[in-house]
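Student: Just dropping this structure here.
The values are calculated or read from the model by the stated rules, or taken from the named source; none is laboratory data. These numbers come from a predicted model, not from an experiment. Every residue, glycine as well, gets a Cβ built from its backbone with ideal geometry; the counts of neighbours run over all protein chains shown. For the accessible areas, the whole protein counts, side chains as well, though only heavy atoms, and no ligand, DNA or RNA atoms are used. Shrake-Rupley method; radii C 1.70, N 1.55, O 1.52, S 1.80 Å.
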Amino acid sequence: MDKVTVLFTPDNVAVQVEPGTSLLQAAGLAGISLVSSCGGDGTCGRCLVKVEDGHVRVAETGNLSKKAKQSGLVLACQSFVESNVVIGIPSMSRLTEHQVLLDENQLMEEDIGTDEGFFFRPLCRVVELTLSPPTLAENVADWERLQTALRNVIDCSDIRISLPVLRRLPELLRTDDWRVTVIVAQMNDCAEVVDIAAGHVQKELNLYGLAIDIGTTTVAINLIDLKSGLPVGQKGSYNRQASFGDDVISRIIHASEASGGLPELQSAVISTINDLVAELLQLSNIDAHDVRMVTVAGNTTMTHLFLGLSPKYIRLEPYIPLAASTPAVRASELGLNINPAAYVVCFPSVASYVGGDIVAGTLVTNLAQEERIILLIDIGTNGEMVLGNKDWLVTAACSAGPAFEGGGITFGMRAMKGAIDKIKVDPATFDVQVSTVGRCKAQGICGSGLINCLATLRAVGIIDRTGKLQTDLSTPRLRQGDDGWEFVLVYGNDTAHGRDIVITEHDIKNLMRAKAAVYAGIRSMLQAVQLTEDMIDCVLIAGGFGNCLNIRDAITIGLLPDLPTEKYRFIGNSSLKGARLALISQQAWQEAQLLGSKMTYLELSAGNEFMDEFMSALFLPHTDMTRFPSVTNLK
Ligand code: FES
């Protein structure tokens, strides 16, 4: 059958597709990423587009609200092209301008990552050597001669070389009287000569590395000068895999069940990285060929997908990943646009839901060297946590669901421009004032905004301890909507899309389940090691969500334990920091390998404790108010 044309506006980008192609797929082909939290199942209701001309077949199924329908919107994933069409994309449906948590200290010159007590010795470095020339009496072969000279410098007995470099060796050794400069990659107990130049030319040689944090939502990259350890630049963006669903489970399902799903997801993340790297290199005028080492930290599923490994069994009981530690691979094997022979190494995972990002965070916070008891927590779609000190480390993960990242919430969104991050409610009139990311008109509400919203609505008595809206209050903001009772946060005349932004009772329940899962995870871990909350000396909060979280709000709703706020510290993107530290310190890289095996993983679904704790936490802040003495007990 003849192909048809889909023209997207206002981008003015057209693609040719087979009739029957979904608008979501067509947008992907046109290079336009739409918000598609459910991965195209039709359940999230977020991939809204407008058919401006032509015919599409709209499936009866799909979570399309009455209001969206009345505005002429359709779900892109449930609409299939039948003729040439013109499709309008509203800004709220676009996956753009994501706030990515880069490493905020990254550009400080003195911060080269060794302040955690590790020596500066990058995984790839430049070494100048002067070899003794051979004689008739001392006639060791060229390669063995070079190995001997290198062993005196790099403290490694297993030294290798690739065939193409070996072929060039004899002439290079003799060009400048047996003086050469070699580039050596060294990981664990093995080193490899990756390049060689005649003479002592260390100053003229360039050598760079990339530290990459692959998150389910975002990807962040540091470009590092490996000769000095100093950062050159940083970039971040949303992970293009987001078109296949917001959380790791939808990605695993796509990778395991859709035909070609795994390569599709791998190429989505590789293209995200390649584009960011291209921008970084162009900005700093660096040749891609000079990038010769990459460290990657990500959760277990992200690491699998990045390497093209099947994540299928991660979600099937007994939840086993294909590999906890993965081999070093070449950039060319993954399609990364840097030196094709560059090594790419990934942080080891602890278990299916505690990945290399947590190992990197544990590394960079020096948790395994601490006398004090530390809780490290990274809250995203999974709440991942590590508890312990220099003597022991336990780790666990609980499924918080996508609510804190805006998923499953009527006007939930990520922390992009226009996301409400704070609200104020007048306790007498119930009028609402909001502040937004980027100080522009509100589009929706992000995770930290939702937590603040819940705490504020509870504080002024709009919701009770079970999360129920108090419908007898006298305010037009409380009303019946498509989905039951709702509270209007911003009226349509003040929003970016003209629709009222509301929080529904259903949204509140979703948020309460998410916060209960995180708190129950913390409690179950404490119980497993027979500690109480007050024995925690410090709580480190990692990740993008953590950074804009108000601790008092989080305690008020019972998401975090009721500890003095001084005990809490935000540590930013610790996954990226850990990847950078390992890139510039072999010692740190080796410590990361050990850390993975030192942590005891606690499977929360194995016993009843987690479920009991979860059920008790489904109140604001908790059924047992004695656990939250600082939270006023409102009626
Ligand atoms: Fe279309 Fe979720 S409803 S992607």
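Student: Relative contact order of the chain, please, whole-number percent, based on alpha carbon pairs below 8 angstrom and at least 6 residues apart.
Tutor: 13
Student: Oh, and also: Below 8 Å, C-alpha to C-alpha, sequence gap of six or more: please give me the relative contact order for region 9-49 in percent.
Tutor: Taking the mean separation of contacting Cα pairs over the length of region 9-49, I get 28 percent.
Student: Further question on the same structure: Per 0.36 nm of contour for each residue apart, how much would the distance between residue 285 and residue 157 grow if the chain were fully extended, relative to their Cα-Cα spacing?
Tutor: Contour length minus the Cα-Cα distance gives 42.4 nm.
Student: Along each principal axis of its Cα atoms, how long is region 150-212 end to end? Whole angstroms, biggest number first, please.
Tutor: That gives 36, 25, 23 Å along the principal axes, largest extent first.
Student: At 10 °C and 1.306 mPa s, grab the translational diffusion coefficient of region 1-65 from Stokes-Einstein with a Kirkwood Rh over Cα pairs, rounded to a whole number in µm² per second.
Tutor: It diffuses with D of about 126 µm²/s by this estimate.
Student: Hey, another quick one. Beyond 49 Å, what share of the Cα-Cα pairs of the chain is found? Please give it as a whole percent.
Tutor: Beyond 49 Å sits 18 percent of the P(r) for the chain.
Student: Shifting gears a bit: Near the amide H of residue 9, under 5 Å away, which other amide H atoms are found, from residues 5 or more places off or on another chain, if H is placed in the peptide plane?
Tutor: 87, 88, 89
Student: When a/c reaches 1.5 or more, the comparison of a/b and b/c decides; with that in mind, is region 233-385 rounded, prolate or oblate per its Cα gyration tensor?
Tutor: Because a/c hits 1.5 or more and a/b fails to exceed b/c, region 233-385 counts as oblate.
Student: Leaving out ligands and nucleic acids, note down the accessible area per residue over region 525-635 with a 1.4 angstrom probe, in whole Å².
Tutor: Dividing the accessible area of region 525-635 by its residue count gives 42 Å².
Student: Write out the cysteines belonging to the chain for which the nearest other cysteine Cβ is not under 4.7 Å, or none if no such cysteine exists.
Tutor: 47, 77, 124, 156, 190, 346, 398, 440, 446, 453, 538, 548
Student: Would you kindly derive the ³J(HN,Hα) couplings of region 81-94 from the backbone phi angles with the Karplus curve 6.51 cos²θ - 1.76 cosθ + 1.60 (θ = phi - 60°), listing them in order in whole Hz, with x for Gly and Pro?
Tutor: 5, 10, 8, 4, 9, 10, 10, x, 10, x, 4, 5, 8, 8
Student: Please list, in order along region 237-247, the HN-Hα scalar couplings obtained from phi with the Karplus expression 6.51 cos²θ - 1.76 cosθ + 1.60 (θ = phi - 60°), rounded to whole Hz, x for Gly and Pro.
Tutor: 7, 6, 7, 4, 5, 4, 5, 9, x, 7, 10
Student: In region 305-386, which trypsin sites (Lys or Arg not before Pro) are in a loop and have at most 16 other Cβ atoms within 10 Å, using DSSP for the loop call?
Tutor: Those that pass, being in a loop and sparsely packed, are 315, 372.
Student: Of all accessible surface on the chain at a 1.4 Å probe, what whole percent is carbon and sulfur?
Tutor: 50
Student: Using a Förster distance of 60 Å, how high is the FRET efficiency between residue 535 and residue 202, based on the Cβ-Cβ distance and rounded to 0.05?
Tutor: Efficiency computed from Cβ-Cβ geometry: 0.70.
Student: Counting heavy atoms of the protein chains only and a 1.4 Å probe, report the per residue accessible area for region 151-203 as a whole number of Å².
Tutor: On a per-residue basis, region 151-203 sits at 52 Å².
Student: Tell me, what is the 1.4 Å probe accessible area of residue 353, in Å² to the nearest 10?
Tutor: 40
Student: Let me ask you something else. Using a ≥ b ≥ c from the Cα gyration tensor of region 315-380 (square roots of the eigenvalues), is it rounded, prolate or oblate, where a/c under 1.5 gives rounded and otherwise the larger of a/b and b/c decides, a/b for prolate?
Tutor: Oblate, because a/c is 1.5 or more while a/b does not exceed b/c.
Student: What is the set of long-range amide H partners of residue 499 at a cut-off below 5 Å, with H atoms built 1.01 Å from backbone N?
Tutor: Amide H to amide H, under 5 Å and 5 or more residues apart or across chains, residue 499 pairs with nothing.
Student: Could you check the simple spin-label distance between residue 139 and residue 509, using points 7 Å along Cα→Cβ, in nm with one decimal?
Tutor: 8.7
Student: Express the Stokes-Einstein translational diffusion coefficient of region 34-79 in µm² s⁻¹, to the nearest whole number, given a Kirkwood radius over alpha-carbon pairs, 4 °C and a viscosity of 1.567 mPa s.
Tutor: 123
Student: Which order do 601, 313 take when ranked by solvent-accessible area (1.4 Å probe, heavy atoms of all protein chains), largest first?
Tutor: 313, 601
Student: While we're here: What spacing in nm lies between the two simple spin-label points modelled at residue 527 and residue 429, each 7 Å away from Cα in the Cβ direction?
Tutor: The modelled label-to-label distance comes out at 4.8 nm.
Student: For region 151-257, what is the convex hull (Cα atoms) projected area averaged across all directions, in square nanometres?
Tutor: Directional mean of the projected Cα hull area for region 151-257 stands at 10.2 nm².
Student: List the extent of the Cα atoms of region 197-281 along each of their three principal axes, largest first, rounded to whole Å.
Tutor: 55, 24, 17
Student: Counting only GluC sites (Glu not before Pro) that are in a DSSP loop and have at most 16 other C-beta atoms within 10 Å, tell me the longest site-free stretch of the chain.
Tutor: By the stated rule (loop sites, at most 16 other Cβ atoms within 10 Å), 372-602.
Student: Let me ask you something else. Can you run phi through the Karplus equation (6.51, -1.76, 1.60; θ = phi - 60°) for region 599-615 and list ³J(HN,Hα) in whole Hz, with x for Gly and Pro?
Tutor: 7, 8, 8, 9, 7, 5, 7, 6, x, 8, 4, 4, 5, 4, 5, 4, 4
Student: Quick one: accessible area per residue over region 417-522, 1.4 Å probe, rounded to a whole number of Å²?
Tutor: Normalised by residue count, the accessible surface of region 417-522 is 38 Å².
Student: Going out from 0 in 10 Å bins, what whole percent of all Cα-Cα distances in region 512-596 drops into each bin?
Tutor: With 10 Å bins starting at 0, P(r) equals 15, 38, 31, 15, 1.
Student: In angstroms, what radius of gyration and Dmax does region 415-503 have, counting Cα atoms only?
Tutor: For region 415-503, the Cα-based Rg and Dmax read 12.4, 35 Å.
Student: Which value in nm describes the separation of the simple spin-label points at residue 271 and residue 483, placed 7 Å from the Cα toward the beta carbon?
Tutor: Once both label points are built, they end up 3.1 nm from each other.
Student: OK, next. Collect residues whose amide H, placed 1.01 Å from N in the peptide plane, falls under 5 Å from the amide H of residue 478; neighbours closer than 5 in sequence don't count.
Tutor: HN-HN under 5 Å from residue 478: 488.
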